[in-house]
């Protein structure tokens, strides 16, 4: 019997995983921004730095930048748009952003095509990240790679998230609906492991098993406004007090649970 750990597919998976991890470790959004801004005049680069907070400072409004340069906000908007266009038309653009595109694409593909913004940053920077790094990443994917990636704006259904341009949200909606029904039936918060174990017994999962795994389910739950996670990494409906405490009793319950004490009061 052949050892599955040495099968060609297993070896290929390990090689791909190693390559993806290497790309992630080499990913430096600030360095990418630095290289791209060299394609611009000093004024063009400064406008983008101020507008998108690329110089470790807070983002500035069109009006504030216009006042600094004694020009109209419309003129600053023109400079912004022309500068981004100039960067994207650079002969070196594809080579410079290649690593960023690979890293973000891999994360999205591994998580079902859509991830919540903070979840995305945590995947890119597992040891932590600065606001400067976050702004640099968002500038790259929102302004420079908008043909590949698309923002999912925050609303009643979704938290601020990012998706592959080709990803439709219909399947995510179906998964959230099925998970909500499951949680309502269980009536209490569940770890992602237990939740996926129960989810994998549903008819919905049996019809969609090739599109779902525990990692994808967790990513989808993080995107949803309907389902949330409590301090113990348990998932439940966002309107449950054991998930998002609203009353004093809810807060006391969570404190006692953390201490491992029964609730008697």
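The values are calculated or read from the model by the stated rules, or taken from the named source; none is laboratory data. Everything numeric here is computed off the predicted structure, so don't read it as measured data. Cβ sites come from the backbone with ideal geometry, for glycine too, and all protein chains shown count toward neighbours.
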Can you find even one residue in region 236-244 that is within 29 Å of residue 103 (Cα to Cα) and either in a loop (DSSP other than H, G, I, E, B) or outside the structural domain of residue 138 (by TED's automatic domain parsing) (or both)? no
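From 59, 85, grab the single residue that is within 20 Å of residue 132 (Cα to Cα) and either in contact with a helix residue (DSSP H, G or I) (Cβ under 7 Å, 6 or more places away or on another chain) or outside any loop (DSSP other than H, G, I, E, B) (or both).
Working: 85 fails: within 20 Å of residue 132 (Cα to Cα).
Exactly one residue qualifies, and that residue is 59.
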Is it the case that some residue within region 69-80 is at pLDDT 95 or above, closer than 23 Å to residue 104 by Cβ, more than 25 Å from the chain's Cα centre (by Cα) and outside the structural domain of residue 141 (by TED's automatic domain parsing)? yes
Working carefully through the options 70, 42, 28, find the one that is surrounded by fewer than 19 Cβ atoms within 10 Å (Cβ to Cβ) and either touching a residue at least 24 places away in the same chain (Cβ under 8 Å) or closer than 30 Å to residue 119 by Cα (or both). 28
Are any of the residues in region 88-98 touching a strand residue (DSSP E or B) at 6+ places or on another chain (Cβ under 9 Å) and surrounded by fewer than 21 Cβ atoms within 10 Å (Cβ to Cβ)? no
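Quick check: is even one residue across region 216-232 without any contact (Cβ under 8 Å) to a residue 12 or more places away in the chain and under 23 Å from residue 156 (Cα atoms)? Show your work before the answer.
Here is the first cut: in region 216-232, the residues without any contact (Cβ under 8 Å) to a residue 12 or more places away in the chain are none.
No, every residue in region 216-232 fails to be without any contact (Cβ under 8 Å) to a residue 12 or more places away in the chain and under 23 Å from residue 156 (Cα atoms).
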